[in-house]
Amino acid sequence: MEGTFIINGKEKTLNFNADERLVITLRNNGYTEVKNGCSEGECGACMILLDEKPVHSCQIFTASVQNKNIQTVKGIGDLYLPHIIQNAFVEAGAVQCGFCTPGFIVATYALLNENPNPTEEEIKQAINGNLCRCTGYVKIIDAIKNAAKSIQKERASL
Amino acid sequence: MNNLKWYFPKTIKEATDLITKEKVLPHAGGTALLLRNLEKINGLVNLSDLPLYYTKKEDNTIEFGSMNTYADIISKLKKIDTENILLKSLQNSADTPLRNRITIGGSIAFAPPWSDIIGALIVLDTKIILSGKNEGVFPIEEYLKNNKLKQDSLITGIRFNLSKWKTFSYRNIRTKKDMPAFHIVVMLQIENDIILESKIVITGTVNRYDWMKEIENYLKSREIDIIEFSKIEEMVDVKFSGKRFTDPEYSRKLAGIELSRGIKKLVRES
Amino acid sequence: MKNLNIIGKSKKKIDALSLATGNAKFTDDFYVKDPLFVSFLYSPHAHAKILNIDDENAREINGVVDILHYKNVKQKLHTTAGQGYPEPSPYDTVLFDKKMRYVGDRVAAVIADNKQIADNAVKQIKVEYKILKPVFDSEEALEKDAPIIHDENSYMPIPVKYEPEHNLAAEVEIGFGNMKNGEKEADFIIEKKYSTHYASHAAIEPHSVISYFDEMGRLVIITSTQVPFHVRRIVSKVLEYPLSKIRVIKPRIGGGFGGKQEVFLEPIAALITIKHKRPTKIILSRKEVFQSSRTRHPMKITLKTGVKNSGEITSLSLNALLNTGAYGSHALTIVSNAGSKMLPFFNKVKNIHFLGRSAYTNLPVGGAYRGYGATQGYFALNQQIDIITRKLNLDILEYIKKWHIRTGETSEVFKALGEGTEGVTQTIHSCEMDKCIDLGAKEIDWYNKRKKRIMTGEDKVRGVGIGFSMQGSGIPLIDMGAASMKMNDDGSFNLLVGATDIGTGSDTILAQIAAEVLGINLDKIIVLSSDTDITPFDVGAYASSTTYVSGTAVKKCANKIKNQILKVAANMLNSDEKNLTVANEKITDTTKNKSVTFAEIGSYTLYTKDQFQVQASASYVPKLSPPPFIAQFAEVEVDKRTGKIRVIQFVSAVDCGVALNPKLAEGQIEGAAVNGICYALTEDYKFSKSGKLTNQTFNDYKIWTAADMPEMKTIIVESDEETGPFGAKSVGEIGINGPLPAIANAIYDAVGIRLYHAPFTAEKIYSELNILR
């Protein structure tokens, strides 16, 4: 099949199989920042934003999201212009192996867009679709708290 | 499998025509379809262009279009009825990203034993609105039991009444993100320290779900001061299959304890 | 600390931003043109002989390139364990065997143009099996009439006991003193049986490998490994392919925890590339990772202690039986470690006997797993000490403080037990165990909670428990790490290390060491690690060795560089080397108040006069393995009616020497602790009666999300380990040892039930509570 998608703000026409999952289509087309850890909607490494909402891209048929807005971690910020959240993860020591990190950044981005001042419980809820085996989550939660503070500070200064 | 054909109907009529004529399955959020073997079907009918994201509220009745996701339902119910049993059941279901994708229609059509939604819909006496061959409005229990209703028909919405009843939901899970081995839902109508009525269902049993009729009868018109909670515990006499890695006998005992605790909690709060 | 600028600071991990933006590449992220894809056929039987394989139908499918199995692949015995050479693990594995030893054993591999074709073709292979009687229990496996699992010609490459005809994959035995006398001296004997269970490493990145020929016809293997140099050696030996023609590259690795210390996919990818002259990609599915990669070995332990009424242990007998599953990877060394890491802790015990055995069974294969036997051993010891001190009404914290090994002391066990054979004598140079206990106890408010059974609801009661342990820092006289460095014209340095960063941050730590020695900023060190063509050798990331072993190699190397630079600077400044100091990227003659910058030196050496490359290399083989120490505390809440348990708080206080990067050190402890907590409560392998794993998904095998997390606290208790680089010991594994016993002890403290068999499920607690009633 062939379909059009808006990926990180750019319109893209991609080829895919009718039963293909979005994670595979994205990875086959160079969006390797979307990781594939389990293909069963459990680990969250493949998380993307679909029309601004976080979803497991392994749980989506590519064909079903044509013409939709897809945002990967690179659409949030890249090496040359990282997002506050990405810097917060780096500074808090929340990145160990980093395989799960793009998914966590996506989940955090969605959370802070909706709720710029989350409680610890709300943070934990927001990232309950992401597994991390390295950090024990402690520094990830720290990073999200710090990111929220930084974003608020930035907004206040505007 | 690569021959799978996708259809993108723009109207409900187009969609139901496709479902009736072709060897196809409706695609809502897709999460349940991914668990199925699609080799035997020819195509998928994507429902995302249909006007099924609606919410209608008239007096005490609320109706949700079947394409509402769990996240949609949670955010809509939060605004009108925080005690709603469906809200309580869905709030901790699956995880945040999955709740953005699982639709109410797909979830009812799939209705796995670990469903977080079925128990709540049953005690709410929910009506399922169908289009297609079996066009009409059917009680949820009839829909679950009568497989013929599912044929060549599309769930377009659900409807139930809002109430002032007190509610309680308990999911037996191993970690916060887990499919429950069983799910208890309770609705109590309490007035002047008397339980007028109750509705109690446990899902995930070998019968898929069981009404706790004996307990409902025991509670009916009973003053809350004279409820014997240990009795309620013993009245939970349901069979579990042992799926989801939980011992059936333990599940039965646990269901009794948690159900009795749930009722105690509601009674105390009233 | 003495005027350190880079060491002891929580420097940002040098690869963190690249990872957080999705730039960094893991194995599956590398593009190779037109690769072959591989799908495996696995045995549905726990124990069977293959009578015939008929692959004709599968071969006829369009897009299928080849099918590999015992009929067409040479059967070369080896071990998949990525250990020092010769490995202390039995050579009992071939790439494709005629005999199947567990459900999930590899029958055949389909090679095809795409993954779907390969998956479909797998279903078309017809296999005729002769089903054999399986054995699943490690004790039953050692019985006389048990079915023999390895009845072919497997052998042990080092001279230790190995009796496959009795399903005995390994045996080790040591003893000191006189057990009979010890038991006679005792006022009472406590003998208990404990058992631990299977677990998956559950690294979020599945095992992945890509192989291809480069433009010069050399075989390149990009792989998710902890042991790139062992991969090169094992691939070369198994395929009888020249080592010089193999290049192994380790990209970013998505977690290892021991699971990627195994070389079981690389030889197959390499074989396919060699045979078909095409790139090959093997990416395991999550189900395959659970079923057919490696696991934590279950262990049965009988611990018998003779105890005086004073609390003194007069005799200690440890009998450990490891279930190694179908193959003996790490079977000897892990069971050894149950003794060698645990027995020296109470070094005043004079009469000791240790028997460690490993049994083959028809279950999934064990392998290295963070903690490596120590986790299992300390589960038993910590509960036994809880039992003893409760019986004698002694304060367990004071008891541990009184009897543990301390600085200046030794244990005969160090010498007696090593990597399956003899170990190395060592004296403890640093131990802050007492402080770990005191600070941890204070943090969890131990004395206000212990034995208080505080009720927090009608049926909810709380308790606290401790799990103490020590680990090691590398394997003495066996592990080797090497580093090389060169200076560039702007005063920056390339640091090449064989050490394998699998997410731990070792690239950063090693750069910090080099930067500290040279007095420069971290960004002046350009790290390249783990490429067998480019970097020097290193055994890899295991045995808590990288900081201590590879770190010392880097420090030595950086010192050599520093000496070279000093010489150049002395020439440039016309000074005596003795008057020169190194700081802030320059070398200053304090007597003349003149200095040259590193950039000036770099440029000078390459372009100006007597040109040469400032470069050096260094290797390090440790003579010792200084143990880190830890005290871990759990507070739990048990529902007395349902058996449901919640961890409220978890505290770890660790002495890892000097924490070179405190945040990264904390991260190691936090990750290990949470892994240990999940292992104690919700992780387990569930088998059907025929030995099939039934919970091989993350949906069914439960590791925790952030939503499950208790309050966590990690306290770094610094000590100065004079033998380590800048005072460091290890920190990678030790944090996983405490949760299992600390939670078990906390459950006892709350409700008075003793759980000898992990994991502690609600059902188990419920049924113990009901026995109590």
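Taking only Cα atoms of region A:1-75, what ratio of Rg to Rh do you get with Rh as the Kirkwood inverse-distance radius?
On the way: Rg = 10.8 Å, Rh = 11.9 Å.
Ratio value, two decimals: 0.91.
Kindly provide log₁₀ I(q)/I(0) values, in the same order as q = 0.10, 0.12, 0.14, 0.24 Å⁻¹, from the Debye equation applied to equal alpha-carbon scatterers of region B:55-161.
Rounded to two decimals, the profile gives -0.25, -0.36, -0.49, -1.49.
Calculate the FRET efficiency for C:N5 and C:N559 from the Cβ-Cβ distance with a Förster distance of 22 Å, rounded to the nearest 0.05. Numbers along the way, then the final one.
Details: r = 16 Å, r/R0 = 0.74.
Working from the Cβ atoms, E equals 0.85.
Using a 1.4 Å probe, how large is the accessible area of C:E419, given in Å² and rounded to the nearest 10?
Probe radius 1.4 Å; accessible area of C:E419 about 30 Å².
Quick check on chain C: helices-only [θ] at 222 nm, where DSSP H runs of length 4 and up contribute -39,500 (n - 2.57) each and the sum goes over total residues. Nearest 500, please. Can you show the working numbers first?
Working: 20 runs with 202 residues, N = 773.
When only DSSP H runs of four or more count, the value is -7500 deg cm²/dmol.
Given points 7 Å out from each Cα along the Cα-Cβ axis, report the C:K25 to C:K245 separation in nanometres with one decimal.
Taking the simple label geometry, C:K25 and C:K245 are separated by 2.4 nm.
Could you work out the local net charge near C:V636, counting Lys and Arg as +1, Asp and Glu as -1, over the other residues with Cβ closer than 11 Å to its Cβ? Before the final figure, lay out each step's value.
Values: positive: C:K449, C:K460, C:R462, C:K644, C:R646; negative: C:E635, C:E637, C:D639, C:D749.
Taking every Cβ under 11 Å from that of C:V636, the sum is +1.
Per residue of region C:704-710, what does 6.51 cos²θ - 1.76 cosθ + 1.60 with θ = phi - 60° give for ³J(HN,Hα)? Whole Hz please, x for Gly and Pro, Karplus curve as stated.
Once θ is set to phi - 60°, the couplings for region C:704-710 become 7, 9, 4, 5, 8, 5, x Hz.
Where the centre of each part is set by its Cα atoms, how far does region C:393-437 sit from region B:167-242, in angstrom?
55 Å
Read phi for every residue in region C:111-123 and hand back ³J(HN,Hα) as whole Hz from Karplus 6.51 cos²θ - 1.76 cosθ + 1.60, θ = phi - 60°, with x for Gly and Pro.
Once rounded to whole Hz, the list reads 10, 8, 5, 9, 5, 5, 4, 4, 4, 5, 5, 4, 5.
Just to confirm my numbers, what's the Cα centroid distance between region C:206-274 and region A:4-61 in Å?
Cα centroid of region C:206-274 versus Cα centroid of region A:4-61: 29 Å apart.
Just tell me how shielded B:170-178 is by partners: mean number of partner chain Cβ atoms within 10 Å of each residue's Cβ, no decimals.
6
Across the residues of A:99-112, average count of Cβ atoms on other protein chains within 10 Å? Mind dumping the intermediate values first?
Working: counts 13, 7, 8, 6, 3, 2, 4, 2, 4, 0, 0, 3, 1, 0.
Taking the mean over all residues of the peptide, I get 4.
To the nearest hundred square angstrom, how large is the accessible surface buried between A and C, total for both chains, probe 1.4 angstrom? Write out the running numbers ahead of the final one.
Working: alone 8680 and 28700 Å², together 33450 Å².
So the buried area, both faces added, is about 3900 Å².
Ordered by packing density, taken as the mean number of other Cβ atoms within 10 Å over each peptide's residues, highest first, how do A:29-38, C:447-456 rank? Show your work: numbers first, answer last.
Values: A:29-38: 22.6, C:447-456: 14.0.
Highest-to-lowest ranking by the protection proxy: A:29-38, C:447-456.
Averaging the inverse of every distinct alpha carbon separation and then flipping it gives the Kirkwood radius. What is it for chain B, in angstrom units?
Hydrodynamic radius (Kirkwood, Cα pairs) of chain B is 19.5 Å.
Apply the Karplus curve 6.51 cos²θ - 1.76 cosθ + 1.60, θ = phi - 60°, to the phi angles in region C:437-453 and return the couplings in whole Hz, x for Gly and Pro.
5, 5, 5, x, 5, 5, 4, 8, 6, 3, 6, 8, 10, 5, 6, 9, 6
Which three extents, in angstrom, do the Cα atoms of chain A have along their principal axes, listed largest first?
45, 36, 27
Provide the buried accessible surface between chains B and A in square angstrom, both chains summed, 1.4 Å probe, rounded to the nearest 100.
Details: alone 13690 and 8680 Å², together 20360 Å².
The B and A chains share an interface burying roughly 2000 Å².
Note down the Stokes-Einstein diffusion coefficient of region A:84-157 in µm²/s, whole number, using a Kirkwood radius over alpha carbon pairs, 10 °C, and 1.306 mPa s. Write down the numbers at each step before the final one.
Details: Rh = 12.0 Å.
Answer, rounded: 132 µm²/s.
Please list, in chain and number order, the residues 5+ apart from C:Y129 or on another chain whose amide H is under 5 Å from its amide H, with Hs placed from the backbone.
Amide H to amide H, under 5 Å and 5 or more residues apart or across chains, C:Y129 pairs with C:L51.
To the nearest whole percent, what portion of all C-alpha pairs in region C:205-251 is separated by more than 16 angstrom?
Numbers: 361 of 1081 pairs.
Across region C:205-251, Cα pairs with separations above 16 Å total 33 percent.
Please list the non-local residues whose amide H lies under 5 Å from the amide H of C:G423, H modeled 1.01 Å from N, same-chain partners needing a gap of 5 or more.
Amide H neighbours of C:G423: C:A416, C:L417, C:G418.
Tell me the per residue accessible area of region B:186-242 using a 1.4 Å probe; a whole number in Å² is fine. Provide the component values of the computation, followed by the final result.
On the way: 2960 Å² over 57 residues.
With the other protein chains kept in place, region B:186-242 gives 52 Å² per residue.
Using the structure shown, list the pairs from C:K76/C:K702; C:K9/C:K449; C:K13/C:K260 with a Cα-Cα distance above 26 Å, or answer none. Don't skip to the end; give the middle numbers.
Values: C:K76/C:K702 37 Å; C:K9/C:K449 35 Å; C:K13/C:K260 22 Å.
As for pairs spanning more than 26 Å Cα to Cα, those are C:K76/C:K702; C:K9/C:K449.
Provide the per residue accessible area, probe 1.4 Å, for region A:2-76, rounded to a whole number of square angstrom.
Values: 2480 Å² over 75 residues.
Result: 33 Å² per residue.
With a 1.4 Å probe and all protein chains left in place, how much accessible area per residue does chain C have, in Å²? Could the numbers behind the result be given before it?
Numbers: 25880 Å² over 773 residues.
In whole numbers, chain C has 33 Å² accessible per residue.
What pairs in B:K231/C:K452; C:K33/C:K245; A:K35/B:K239; B:K199/B:K243; B:K5/B:K88 have C-alpha atoms more than 30 Å from each other?
Exceeds cut-off: B:K231/C:K452; A:K35/B:K239; B:K5/B:K88.
Show which lysines lie in cross-link reach of C:K123 when reach means a straight Cα distance below 21 angstrom and same-chain residues fewer than eight apart are skipped.
B:K40, C:K49, C:K71, C:K98, C:K99, C:K115, C:K281, C:K287, C:K692
Ignoring ligands, DNA and RNA, what percent of the 1.4 Å accessible area of region C:256-380 is carbon and sulfur? Please list the in-between numbers first.
Numbers: 1120 of 2060 Å².
Looking at region C:256-380 in its full context, I get 54 percent from C and S.
Could you work out the relative contact order of chain C? I mean the mean sequence separation of Cα pairs under 8 Å and 6+ apart, divided by the number of residues, in percent.
On the way: 2011 pairs, mean separation 114.0, N = 773.
The normalised contact order for chain C reaches 15 percent.
Could you pull out every one of the aspartates and glutamates with an alpha carbon less than 14 Å from that of C:K126, ignoring same-chain neighbours closer than 8 positions?
Reachable aspartates and glutamates: C:D54, C:D55, C:E56, C:E60.
How charged is the neighbourhood of C:L332? Take every other residue with its Cβ under 15 Å from the Cβ of C:L332, and add Lys/Arg as +1 and Asp/Glu as -1. The partial results should precede the final answer.
On the way: positive: C:K161, C:K341, C:R357; negative: C:E87, C:D92, C:E163, C:E171, C:E173, C:E419, C:E422.
With Lys, Arg at +1 and Asp, Glu at -1, the neighbours total -4.
Within a Cβ distance under 14 Å of C:Q116, other residues only, what is the Lys/Arg minus Asp/Glu net charge?
On the way: positive: A:R21, C:K115, C:K123, C:K281; negative: A:D19, A:E20, B:E39, C:D113, C:D119.
Counting the neighbours of C:Q116, the net charge comes to -1.
Would you list the P(r) distribution for chain C, with all Cα-Cα distances sorted into 20 Å bins from 0 and each bin expressed as a whole %?
Reading upward from the zero bin: 16, 47, 30, 6, 0.
Just the number, please: Stokes-Einstein D of the protein assembly as shown in µm²/s, Kirkwood Rh from C-alpha pairs, 10 °C, 1.306 mPa s. Walk me through the intermediate numbers first.
Details: Rh = 32.0 Å.
After rounding, the answer is 50 µm²/s.
Considering protein heavy atoms only and a 1.4 Å probe radius, which residues within region B:93-107 exhibit an accessible-area decrease of no less than 10 Å² in the full assembly relative to the chain by itself?
By number: B:D95, B:T96, B:P97, B:L98, B:R99, B:N100, B:R101.
Return the carbon/sulfur percentage of the accessible area of region C:1-121, one whole number, probe 1.4 Å, all protein chains in place.
On the way: 2260 of 4660 Å².
The computed percentage sits at 48.
With a/c under 1.5 counting as rounded, go ahead and sort region B:105-172 into rounded, prolate or oblate using the C-alpha gyration tensor (a ≥ b ≥ c being the square roots of the eigenvalues; past the cut-off, prolate if a/b is larger than b/c, else oblate). Kindly include the intermediate steps, with their values, before the conclusion.
Values: a/c = 2.60, a/b = 1.54, b/c = 1.69.
Judged from the Cα gyration tensor, region B:105-172 comes out oblate (a/c at least 1.5, b/c at or above a/b).
Keeping the other protein chains in place, figure out the carbon and sulfur percent of the accessible area of chain B, with a 1.4 Å probe. Please list the in-between numbers first.
Details: 5650 of 11800 Å².
That fraction is 48 percent.
The values are calculated or read from the model by the stated rules, or taken from the named source; none is laboratory data. None of the values given here were measured: they were computed from a predicted structure. Every residue, glycine as well, gets a Cβ built from its backbone with ideal geometry; the counts of neighbours run over all protein chains shown. The area values use the complete protein model at the heavy-atom level, side chains included, leaving out ligands, DNA and RNA. Shrake-Rupley method; radii C 1.70, N 1.55, O 1.52, S 1.80 Å.
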